[in-house]
Amino acid sequence: MQWHTGLLSLLFALLLTFYKPVSAIYADEASVIDFHLAHVGTPRVSFLHAPVAGSGKLAYVGTEKNVIAAIGLKSGDLLWRQIVEGDLVDAKASGERIVVLSQSGTNVVLSAYSATQGHLLWSSPFLSQEAIEPSVSVSDVNAVLLTDGGLVRIVDLTDGTVAASWSGHDGITVYTNVTHTTDGHVAVVGTTSNIASSTLTTAILDARALALSEILVLDTIVTSPSDVLHLSPRLLIWKNGETLEYVTLGKAQVMELQAPANVGHARAFSSRTGRSILVQFQHSTTFYTVSAEDGSLVLKYTIQNPEGSDHCAYSAAESDEEYHTRSCIQGDVGRVEVFGVAEWGVVKSWRVDLADAHSTGHFGGVLAASSEIMTAVDGLVGRVLLVTVDGSIHLWRDSMPLWTRHESLAHTTHATFVDLPDPSVSKEVADEETHEGLSAFLKRVTRHIGEVHRLPAFFSGWAARFAQGEYEVSPTGISAAIARDTFGFRKFIVTGTEKGKLAALDTATGKVVWSQFYQGNAAVGLWTVRNASPDHPPVVAVLLKGQGTMDWLELNALDGTVVGSESWTGSFGAAFAIEGVQGPEDTLSVAVVSQEGALKVFPKDKGMQAISATFTGIRFAVTNGSSAVQGFELDATTASARSLWKIDFPSAEVIQSISAAGANHVASIGRVLGDRSVMYKYLHSHLVGIVTTDASASSVTIYLVDLARGTIVHQARHGDVDTTKTVSIELDENRVVYAFWSIGPSAGTQINVLELYEHEKPNQRLDPVPLDYVSRDVDLQPYVVGQAYRYPARISALATTQTRYGITKRDTVAFLPDLNMLVELPKSLLDPRRPKKDVKQMSTAEKEEGLIPYDPILPDERRWVISHKNEIFAVKDIISGPAYLESTSLVFAFGLDMFFTRVTPSQSFDKLSASFSKGQLLLTMIALCAAVALTSPMVRRKQLNALWGVQ
């Protein structure tokens, strides 16, 4: 028996080498099964600033998304950010404060934030009588605010109070710019309208009491305030026809600037000290110094702009000396050139290699730059903060790109999941399926012999997966950088933005895998048109809308390369995937319809006529004005969209959105009740939900419209609604969920849930039973069950969880904008069939069905939060996709931020949890085997003795 003991000891020791204790804590899943990308948007204002004297500098940006933020220069990490009230106009630094100016209509807000922590220090609102863009100038102690085209206020930076004010309204002068001057005054610049033209006017004010020192009407002619090119504490430069003129602030003498003939477009940049200025013209750039005697501009030298100078940006460098920089991106090469003023031309330059798979040539040039030049032992060193045309933010140090923030993703409007190739399914495996009998057997044996060398890697990978529980890693041992995991959790998410940027994100890391940029276009449609196979990569298609042009692109979803494209001139009306219509190589077909009704179908290889027979029943709706919707039917014979019907809603109602159910798996055509009877679902593929709002009546109306017949099958009107807030709606199978903010006696979000059935009675169906619900001769009115709930937080986006086969229950995912979080609302709570009775009064059938008593108030349950501790800002849309496990649904929310996670609405019934004790199971199996081995001789001996009659 000693060998049994030795074997048991050996197996136990072997087990200990693989065993790894696991703790089942939900917090452990944070940042493991999800990722959060915090964005700020494309900068309008960007600068470098040291928040504390003697400390390192930070990058500060004010963006098109109305965000003010601080970014660390070492890693590019977001240190803090705040969403400002209204549209961000300007942002400036003053010591430990960042002063932000914003405007919403006639409301102007001046705010101050802590430069280190981002806390709001104070906020001062001002009511402007004129909707003219305000202006602000900041010094170390105060801010000078210009509003109403002539009202100037001095605002104390310690508490935001107004210390003094001055009004320059005289009926003919409109002031648009303000600045502190070098001699301690405040200069206000505007235009004075005359009968035939306009002249520039400057008002010089005392900086302490805003007492008027003098008003200077300059002897010059301007066409509009935009002719002012540059305003600094020393100088004012403007364009007068095809010449440039300038004046020293506080003086009336107008001087002409030495500049090329036919100035055209020009921009001016002043150094930090104000002693030098560069002016960028169309073909050249000129450097000037400011005379210390009379303040005139002295031309130092002129250089020619390089080819493709529209890809460049100039900036006055933060430096102890007078330096300016020019930063350019052309293709996969960036270049920074440093220009001196004391010495002629380029004094230092760096070439920046951008040949990176994630960024090559996909930025569109430099839009703006902020630079810092320092003197080191071995010469000049510098770093440049860049904003590129696509909206990204970059930091370069000398010739090295340190980091890139893909802020163009903050403008995402479309997204789609892409399945990655299965590394275990090779071309050889797919080829075996095309053979039969002996031929298939021989091919399989040949393949197995060729893969013998992978066997050690397979066993080591299996052992590691078993010990660590990391079953999401491929077990094949095949090296595949881009491949799906065992459970299909890893996918690519391809996104399209309103700025023409396309990018793919890896759900395993949250990093950008590839990107493309199509300047001047906006993505208006994005689809996964072909899934991955052993012979072909997955393909995504994007529809881009330009100025009177349309572009259709098909891209390899794995690397972003273009595999097909077409461009044409025309308008855009609608675009949608044609479910069930497959093109070449099993690609999904997409229809694009212009506003005039012209039809294009992609892919074009087979031609429209080849699939015209399958177009029967393909219908869609578009808005026709603000209070009407029109339905169309595709006609492949005439390559057009034929009008079917038109619905005119009341003139006071404005259409906010049109939503349709996605092409999701339907696991059951009916709902089984507690008594085993069935309520058959109303599964209408041509049903859309239309949301209209009436601001005058504070109401919202939900219409369910049958696209086949152009009839309203159900409508619901709700009063006491805040129509300025988003009304969200989600359609899935026979279920409609919509939410709006109610301003009734108890303000809060009202969530309404509708379920549509074919008949009011169980086991009854429509007569005749519809096959596709598109017949116009049969009354297809559904039986609607509805219920309303109150939720304490505001909701601005909704989605339904999707799984591979549609068996798992479908929860509702909602975004709460006031709390910046995502929640998963259980379907059992949002059930319109919840009985309005106590649990003791519920029937046995209701309990068997799993219903719970109706409660109009949904609890604020934080266990429903799926975004963990992440603070997600301004989500606009949510999409859901299936994993390979039926229990798991993938959720991706995008807007200003992006957040990805996976949820299990019915719990993880098809996957062992991380807390499952595999070691204990293995020990039990070994113990059982040992017990069998030890007792089997005793059993055999007993049986033998029984046969011989031995007691």
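The values are calculated or read from the model by the stated rules, or taken from the named source; none is laboratory data. No experiment lies behind these values; they were computed from the predicted model shown. Cβ atoms come from the backbone with ideal geometry, glycine included; neighbour counts cover every protein chain shown. Quick note on the areas: whole protein, heavy atoms, side chains included, nothing else; ligands and nucleic acids left out. Shrake-Rupley method; radii C 1.70, N 1.55, O 1.52, S 1.80 Å.
Would you pick out the residues in segment 185-209 that are assigned to a loop (DSSP other than H, G, I, E, B) and at pLDDT 85 or above?
If the condition is that a residue be assigned to a loop (DSSP other than H, G, I, E, B) and at pLDDT 85 or above, then no residue fits.
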Criterion violated by residue 158 - all others in (1) touching a Leu at 6+ places or on another chain (Cβ under 8 Å); (2) open to solvent by 10 Å² or more (accessible area, probe 1.4 Å); (3) assigned by the TED database to the domain that holds residue 189 satisfied | (1)
So is residue 313 touching a strand residue (DSSP E or B) at 6+ places or on another chain (Cβ under 6 Å) and open to solvent by less than 20 Å² (accessible area, probe 1.4 Å) or not?
-> yes
Taking segment 236-254, which residues are surrounded by fewer than 21 Cβ atoms within 10 Å (Cβ to Cβ) and under 45 Å from the mean Cα position of the chain (by Cα)?
-> 240, 241, 242, 243
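Could you say whether any residue in segment 826-840 is part of a strand (DSSP E or B) and either assigned by the TED database to the domain that holds residue 877 or within 21 Å of residue 746 (Cβ to Cβ) (or both)?
no
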Just wondering, is there one or more residues in segment 648-656 that are part of a strand (DSSP E or B), closer than 19 Å to residue 810 by Cα and free of Cβ contacts under 8 Å to residues at least 60 places away in the same chain?
-> no
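Looking at the structure I just gave you, is residue 149 out of contact with any Pro (no Cβ under 8 Å at 6 or more places or on another chain), part of a loop (DSSP other than H, G, I, E, B), over 25 Å from residue 97 (Cβ atoms) and modelled with pLDDT of 85 or more?
Details: out of contact with any Pro (no Cβ under 8 Å at 6 or more places or on another chain): yes; part of a loop (DSSP other than H, G, I, E, B): yes; over 25 Å from residue 97 (Cβ atoms): yes; modelled with pLDDT of 85 or more: yes.
Answer is yes for this residue.
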So which residues in segment 682-700 are of a type in the set (Ser, Thr, Tyr), surrounded by fewer than 21 Cβ atoms within 10 Å (Cβ to Cβ) and not in a loop (DSSP other than H, G, I, E, B)?
-> 699
If you check residue 169 against the conditions, is it part of a strand (DSSP E or B) and modelled with pLDDT under 90?
-> no
Collect the residues in segment 94-137 that are under 13 Å from residue 157 (Cα atoms), of a type outside the set (A, V, I, L, M, F, W, C) and in the same structural domain as residue 152 (by the TED database), keeping them in residue-number order.
-> 137
Within segment 902-923, work out how many residues are under 19 Å from residue 826 (Cβ atoms), at pLDDT below 85 and open to solvent by less than 70 Å² (accessible area, probe 1.4 Å).
-> 1
Just wondering, is there one or more residues in segment 861-869 that are under 21 Å from residue 793 (Cβ atoms), without any contact (Cβ under 8 Å) to a residue 24 or more places away in the chain and open to solvent by 60 Å² or more (accessible area, probe 1.4 Å)?
-> yes
Exactly one of 191, 147, 202 is within 30 Å of residue 245 (Cβ to Cβ), open to solvent by 10 Å² or more (accessible area, probe 1.4 Å) and β-branched (Val, Ile, Thr), and that residue is 191
Please verify whether segment 667-675 includes one or more residues that are open to solvent by 20 Å² or more (accessible area, probe 1.4 Å), under 26 Å from residue 574 (Cβ atoms) and part of a strand (DSSP E or B).
-> no
Look at segment 801-822 and say how many of its residues are outside any loop (DSSP other than H, G, I, E, B) and open to solvent by 10 Å² or more (accessible area, probe 1.4 Å).
-> 1
Is it the case that some residue within segment 353-372 is closer than 30 Å to residue 558 by Cβ, over 27 Å from the mean Cα position of the chain (by Cα) and β-branched (Val, Ile, Thr)?
-> no
Among the residues of segment 421-472 satisfying the criterion of being surrounded by 13 or more Cβ atoms within 10 Å (Cβ to Cβ) and of a type in the set (Asp, Glu), which is modelled with the highest pLDDT?
-> 422
Taking into account only those residues within segment 531-581 that are touching a Ser or Thr at 6+ places or on another chain (Cβ under 9 Å) and of a type in the set (Phe, Trp, Tyr), which is surrounded by the most Cβ atoms within 10 Å (Cβ to Cβ)?
-> 552
